[in-house]
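Have a look at the structure below, then the notes.
The values are calculated or read from the model by the stated rules, or taken from the named source; none is laboratory data. A quick note: this is a predicted structure, and the numbers were derived from the prediction, not measured. A quick note on method: Cβ atoms are made from the backbone with ideal geometry, for glycine too, and the neighbour counts reach across all protein chains shown. Areas reflect the complete protein model, heavy atoms only, side chains present, ligands, DNA and RNA absent. Shrake-Rupley method; radii C 1.70, N 1.55, O 1.52, S 1.80 Å.
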Amino acid sequence: MELQASLHRSFVGGGVSFPLGFRMVSLMRNRFFQKHSTSLQKRSKASISCLLNESTAKVIYSVAPAMGHNKEAHPECSLRVPAIVSALEKLELTPKFRGSEIIQLQDFRTATVEDIASVHSRSYVFGLEKAMEQASDQGFIHIEGSGPTYATATTFEESLIAAGAGLSLVDHVVAASKVSQTPPVGFALIRPPGHHAVPKGPMGFCVFGNVAIAARYAQRVHGLKRVFIIDFDVHHGNGTNDAFYDDPDIFFLSTHQDGSYPGTGKIDNIGCGNGEGATLNLPLAGGSGDIAMRTVFDEVIVPSAQRFKPDIILVSAGYDGHVLDPLANFQFTTGTYYMLASNIKQLAKDLCGGRCVFFLEGGYNLESLSDSVADSFRAFVGEPSMAAKVKDLGYLYDEPSFKVKEAIKRIKHLHSL
C-alpha cells in the first residue's frame with residue numbers, strides 16, 4: 001500500500017523524487033528517443049510518399065490495440081480494437097476489399113518522450129515508466145483510482161505506440177492535403193484512450209492524452225497554429241480541457257452528459273486568460289440523443305468552428321454515448337455517429353483543406369462500438385449508413401428536448417454564437 005501511494009503521488013505530480021540512477025536512466029532513454037526520432041521521421045516520409053501515390057484514398061487508419069494492456073472484466077479491455085477491426089473486415093471496409101480507397105497505415109512511428117512531454121509533466125512520464133517494474137512483478141497495478149485506471153508491464157510502451165499511431169496519421173493527412181483538395185480522413189484505432197489523462201497523471205482509463213499530444217505536434221512539426229478539437233465522448237474530456245484552458249490557439253469543444261464522470265465540464269467553464277472563450281463545454285441532459293446532437297452540431301459546433309478558422313480538426317471520438325453502452329445514459333444510435341463523421345468531414349473540407357483526424361476514446365459495448373465505427377467509415381467513403389439494419393432503435397424513448405434547448409440557448413449566449 002505504501003508503494004502504491006508513493007506511485008500515485010508521482011502520477012499526480014506530487015513531487016516524488018527518484019534515485020539518481022533512475023534519473024540518469026530516464027535521461028539516457030530520453031536522449032535515445034531524440035536521437036532516433038530523426039530516423040523514424042525519415043521512414044515516415046517514405047511512407048508518406050507511398051500514400052501520396054494513392055490519390056483516391058478516402059480513409060487512412062492505424063491500429064494499435066495494446067493487447068498487453070488488459071485487465072479481465074474491466075470495460076476498457078483489449079477486446080475493443082479487435083472487435084472494430086473484425087467488423088471492418090466483415091463489412092468489407094478494409095484495404096483488402098477497397099484497394100486504395102481505404103488505407104491501413106502499417107509502419108507508424110512510436111511517440112517519443114518529447115512528444116508526450118509537450119502535454120504531460122516529465123515526472124509523470126518517468127514515474128509511469130518506473131512503475132512498469134512493479135506492474136511486471138504483480139501482473140497489473142492501479143495507477144489512479146477514480147476510473148479505476150490500471151497498468152500492466154506493457155502499458156508504458158503500448159501507450160507510446162498508441163500516441164505515435166495518431167501522430168503518424170497527422171503526418172499523412174497533412175502531407176496528402178498539400179497535393180489534394182480532398183485528403184483522406186485519419187482514424188486512430190488505438191488504446192488506451194486519452195482524453196481524461198491530465199497533464200500531471202492518468203485518469204479515467206486514460207494514460208496519455210493522445211489528442212492533446214497530436215494537437216501540440218501539429219503546431220510544432222507542421223506549423224498548424226490553430227487546432228479545433230471536437231470531443232463527442234459521453235464523458236467530459238477533462239484532460240484535454242485542462243491542457244489548453246489558457247491557450248487561444250487550441251479550441252476545445254466538448255459535448256457530454258451532464259453529471260456524468262468525472263463531474264467536470266460545466267457550461268460556464270470557457271477558458272481563462274488569453275484562452276478565455278476558446279473552451280466550450282456543453283453538458284447535455286441524460287437521455288439526449290440523435291435530435292439533440294444534430295441540433296448541437298448545426299447551432300453550436302459549426303458556428304464555433306467557422307469563427308475560429310482552424311488549420312486542422314482533431315476529434316476525440318468516444319462511442320459510449322450509444323444507447324446500448326453500459327457506462328452512461330445518452331441515446332445516440334449508429335446513425336448519430338454516421339451523421340457526426342459525415343458532418344465533421346465536410347466541416348474540415350470547408351474550413352481547413354480537409355485536414356481531420358479521429359482518435360478512438362470510449363465505447364464499451366463491443367457490438368455498438370464496432371457497428372458505429374464501421375458506419376463512421378461508411379460516412380468517410382461517402383456510402384449510405386447501415387444504421388437502419390442495426391438493432392438499436394427499439395431501446396429509444398423521448399429525448400429531454402426542453403432541457404437540450406435551454407442548454408443550447410445558454411451556450412449560444414455565453415459564446416455569442
Here the qualifying pairs (Cβ atoms under 6 Å; residues six or more apart or on different chains; first in the range 226-248 and farther than 14 Å from residue 310 by Cβ; second of a type in the set (D, E, K, R)) come out as 233/361; 234/320; 237/231
The condition of being more than 19 Å from residue 412 (Cα to Cα) and under 20 Å from the mean Cα position of the chain (by Cα) holds, among 313, 229, 301, only for 313
Picked from the range 122-163 (must be in a loop (DSSP other than H, G, I, E, B) and out of contact with any Phe, Trp or Tyr (no Cβ under 7 Å at 6 or more places or on another chain)), the residue nearest to residue 242 (Cα to Cα) is 146
For the range 379-405, the count of residues that are assigned to a helix (DSSP H, G or I) and either crowded, with 21+ Cβ neighbours inside 10 Å or at pLDDT below 95 (or both) equals 9
Within the range 173-182, residues under 11 Å from residue 59 (Cα atoms) and open to solvent by 10 Å² or more (accessible area, probe 1.4 Å) come out as 182
- What do you reckon, is residue 108 modelled with pLDDT under 95 and farther than 20 Å from residue 168 by Cβ? no
Residues in the range 204-228 that are at positive phi and open to solvent by 10 Å² or more (accessible area, probe 1.4 Å) total 2
Scanning the range 259-300 for residues that are surrounded by fewer than 19 Cβ atoms within 10 Å (Cβ to Cβ) and among the acidic types (Asp, Glu) gives 268, 276, 298, 299
Among residues of the range 75-121 being outside any helix (DSSP H, G or I), among the β-branched types (Val, Ile, Thr) and within 20 Å of the chain's Cα centre (by Cα), the residue nearest to residue 185 (Cα to Cα) is 103
Taking the range 356-378 and keeping only residues that are crowded, with 24+ Cβ neighbours inside 10 Å, out of contact with any Pro (no Cβ under 9 Å at 6 or more places or on another chain) and either charged (D, E, K, R) or modelled with pLDDT under 95 (or both), one is left with 371, 375
Quick check: anything in the range 154-172 touching an Asp or Glu at 6+ places or on another chain (Cβ under 7 Å), open to solvent by 10 Å² or more (accessible area, probe 1.4 Å) and over 19 Å from residue 351 (Cβ atoms)? yes
- Message: Condition (residue is free of Cβ contacts under 8 Å to residues at least 60 places away in the same chain and in contact with a helix residue (DSSP H, G or I) (Cβ under 9 Å, 6 or more places away or on another chain)) applied to the range 167-176: is it met by at least one residue?
- Response: yes
When the range 301-335 is checked residue by residue, the ones that are in contact with a Lys or Arg (Cβ under 7 Å, 6 or more places away or on another chain) and either farther than 21 Å from residue 209 by Cβ or open to solvent by 10 Å² or more (accessible area, probe 1.4 Å) (or both) are 308, 309, 311
When every residue in the range 232-245 that is in a loop (DSSP other than H, G, I, E, B) and over 23 Å from residue 161 (Cβ atoms) is compared, the one nearest to the chain's Cα centre (by Cα) is 232
Selection over the range 255-279 where residues are without any contact (Cβ under 8 Å) to a residue 40 or more places away in the chain, touching a helix residue (DSSP H, G or I) at 6+ places or on another chain (Cβ under 9 Å) and not in a loop (DSSP other than H, G, I, E, B) yields a count of 1
